[in-house]
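Colleague: To start, I am sharing the structure in question, which I have written as structure tokens.
All of the numbers you see were taken from the coordinates with simple rules; none came from a lab. Predicted model only: the values in this text are computed from it and were never measured.
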Amino acid sequence: MKNTLLIIATALLSSLCCITPVLALIAGTSGIASTFSGIEPFRPYLIGLTILVLGFAWYQKLKPQKEIDCECETDEKAKFIQSKKFLGIVTVFAIVMLAFPYYSGIFYSNTEKQIVIVDKSDIKTTEFKISGMTCVSCEKYLNHEVNKLNGIVNSKASYENGNAIIEFDKTKTNETEIEKAINSTDYEVTDKKVK
């Protein structure tokens, strides 16, 4: 029982920084997206702890039981929460949580739109330096929010580089509006430069 609770807790905690942007999108409160980004540096350790506890729980569940040499009745059925079936469910849950950053994009609707470019000289590309992004889910969330603006031609956020390179039609939007959209996600624009 204690092992399964520890597995659930560590699996949730290791993916909390990646789940929060999706929860913010669903709840409509974009300001909480980077709340748990401080957990991200500890994610590899939490994943390792989850795997260790899972392995130990399965070892305990599958190791051969010693036979008791007595004439007493031992037909007592184990509770569901102590069964292999329950541990299997917890294992699947842990795997789903640990892999969350890799499939989180399915929660973001496609906000790409058909842009009619009248004059190519109206297209401007700006690189925004951004702090607070920790995973692929952060990138997708930021791109989703920026693409809601009119005139966005292309938005490419990168948590690894800590930036977003955004192409936009300067007659339909501007850098200030884009910066507001980025900051509304609770990630922070620290610098910008025209490409």
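Colleague: Please list, ordered by chain and number, the residues whose modelled amide H lies under 5 Å from the amide H of K192; skip anything fewer than 5 residues away on the same chain.
Modeller: When sequence neighbours closer than 5 places are left aside, the close amide H contacts are K129.
Colleague: Another question, if that's okay. Just list whichever of K85/K156; K2/K129; K148/K195; K120/K180; K85/K140; K84/K140 have alpha carbons separated by over 32 Å in the model shown.
Modeller: Pairs exceeding the cut-off: K85/K156; K2/K129; K85/K140; K84/K140.
Colleague: I've got another one for you. Which shape class, rounded, prolate or oblate, goes with region 132-189 when its Cα gyration tensor gives a ≥ b ≥ c as root eigenvalues, a/c under 1.5 marks rounded, and past that a/b bigger than b/c marks prolate?
Modeller: Prolate.
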